[in-house]
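Q: Handing you this structure, nothing more for now.
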Amino acid sequence: MYQEYYGLKEMPFNITPDPKFLYLSPAHEEALSHLRYGIAERKGFIVLTGEVGCGKTTLCRTLLDEMDDERFETILILNPRISEQQLIAAILRELGEAVPKRSKADLTGRLNDALMERIEAGREIVMIVDEAQNLSFEVMEQIRLLSNLETDDQKLMQIILMGQPELKAKLQEKRLRQFRQRVLVYYDLSALTRVQTEAYIQHRLTLAGSNGRPRFTPWALRKIYKKTHGTPRLINNLCDKSLLAAYVRDSDNVTWWDVRKAVRDITRL
């Protein structure tokens, strides 16, 4: 609707984690540097935490886009509510391997063979586990044991755990002390500041093809930050609905009142 009205090439505030729209605030740039460092130096375990909607998934998608497909194979575990055996089976499927109906020990052996084949062929394997705060203790212990798979000079698999702040709290548990000792790269992603929030909004508008319209007024920007506390996903949602409100008024300016209307619409849900 408003995309055509404002002459935009695409919707600027979709909530999907599109790496093209990544805004590298100092915190996001530092987090991405930690991820790159962990992979490049083969640190084994990398943990990235942050509040819901702060941009963790977009950062990981950016990292994946940067990886050389001829060198890296990636494994994405998007459903953390699985058993130890289901985890190993999911990894094998992500690698394109047949999953034999055997015991967990047999599956682990098959996984070790599959990883060794790739290492010998000069490839590296990176596994990313999303929503890792929902992993059971048993599955986290299984992941720790998988990190034991190694050659004389390298781990067979680099593991990135992404999760909400609850993941950080979980890793502090005494029973996970062995797991915690394996984490050599950790970053806690913070939200945007008010200035960064304004830059983030303009960044997305520019990438979407904005040529000065629409324009968010200073008071609109202040209210957006006040209601979102600098969380990118919330900013996207509120900006999208605020633009719709301005479009309905046939206005190029998104005002404090448009944002207020958008907030009321969202809070009705």
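The values are calculated or read from the model by the stated rules, or taken from the named source; none is laboratory data. The shown structure was predicted, so the numbers you read here are calculated from the model rather than taken from an experiment. Cβ: placed from backbone, ideal geometry, glycine included. Neighbour counts: every protein chain shown. Just the protein is used for accessible areas: all its heavy atoms, side chains included, with ligands, DNA and RNA removed. Shrake-Rupley method; radii C 1.70, N 1.55, O 1.52, S 1.80 Å.
Q: Please report the accessible area of His28 (heavy atoms, 1.4 Å probe, ligands and nucleic acids excluded) in Å², nearest 10.
A: 10 Å²
Q: Give me the angle, in degrees from 0 to 90, between the Cα long axis of helix 256-267 and the longest principal axis of the Cα atoms of the chain, rounded to the nearest 10.
A: Its long axis makes an angle of about 50 degrees.
Q: Can you work out ³J(HN,Hα) from phi for every residue in region 24-41, in order, using Karplus 6.51 cos²θ - 1.76 cosθ + 1.60 and θ = phi - 60°, giving whole Hz and x for Gly and Pro?
A: Using θ = phi - 60°, the values come out as 8, 5, x, 5, 5, 5, 5, 4, 5, 5, 4, 4, 4, 4, x, 6, 4, 8 Hz.
Q: Quick one: net charge around Pro214, please, counting Lys, Arg +1 and Asp, Glu -1 for every other residue with C-beta under 10 Å from its C-beta.
A: Result for the neighbourhood of Pro214: 0.
Q: Considering the chain as a Gaussian network with a 10 Å cut-off on Cα pairs, which listed residue, Thr217, Thr49, Thr74, attains the greatest mean-square fluctuation?
A: Comparing Thr217, Thr49, Thr74 in a Gaussian network model of the chain, the most mobile one is Thr217.
Q: Something else now. Can you list the lysines whose alpha carbon sits under 18 Å from that of Lys155, skipping same-chain ones fewer than 8 residues off?
A: By straight Cα distance, Lys155 reaches Lys43.
Q: For the chain, what is the calculated [θ] at 222 nm in deg cm²/dmol (nearest 500), taking -39500 (n - 2.57) for each run of four or more DSSP H residues and dividing by its residue count?
A: After summing the helix terms and dividing by residue count, I get -15500 deg cm²/dmol.
Q: Return the subset of Lys20/Lys241; Lys170/Lys227; Lys9/Lys226 for which the Cα-Cα distance in this structure is over 25 Å, preserving the input order.
A: Correct reply: Lys170/Lys227; Lys9/Lys226.
Q: Taking the alpha-carbon centroid of each part, what is the distance from region 21-43 to region 172-237 in angstrom?
A: First find each Cα centre; the distance between them is then 15 Å.
Q: How tilted is helix 218-228 with respect to the longest principal axis of the chain? Cα atoms for both, answer in degrees (0 to 90, nearest 10).
A: 30 degrees
Q: Under a GNM of the chain (C-alpha, springs under 10 Å), which listed residue has the highest mean-square fluctuation: Ala114, Ala40, Ala199?
A: Top of the fluctuation ranking is Ala40.
Q: Okay, next question. As an exercise, take the mean of 1/r over every pair of distinct alpha carbons in region 151-268, invert it, and state the Kirkwood radius in angstroms.
A: After inverting the mean inverse Cα-Cα distance, the result is 17.1 Å.
Q: Right, something else. Considering the values (i) 17.5, 52; (ii) 18.0, 55; (iii) 21.7, 67, which represents Rg and Dmax of the Cα atoms in Å as calculated for the structure under consideration?
A: (iii)
Q: In region 86-131, what percent of the accessible surface is made up of carbon and sulfur (1.4 Å probe, ligands and nucleic acids excluded)?
A: 44 percent
Q: Give me the accessible area per residue for the chain, probe 1.4 Å, as a whole number in Å².
A: Value returned for the chain: 51 Å² of accessible area per residue.
Q: Rounded to the nearest 10 degrees, what's the angle between the helix 84-94 long axis and the longest principal axis of the chain, both from Cα atoms, 0 to 90?
A: 70 degrees
Q: With a cap of 15 neighbouring Cβ atoms within 10 Å, and only residues DSSP puts in a loop, list the GluC sites (Glu not before Pro) found in region 1-43.
A: Glu10, Glu41
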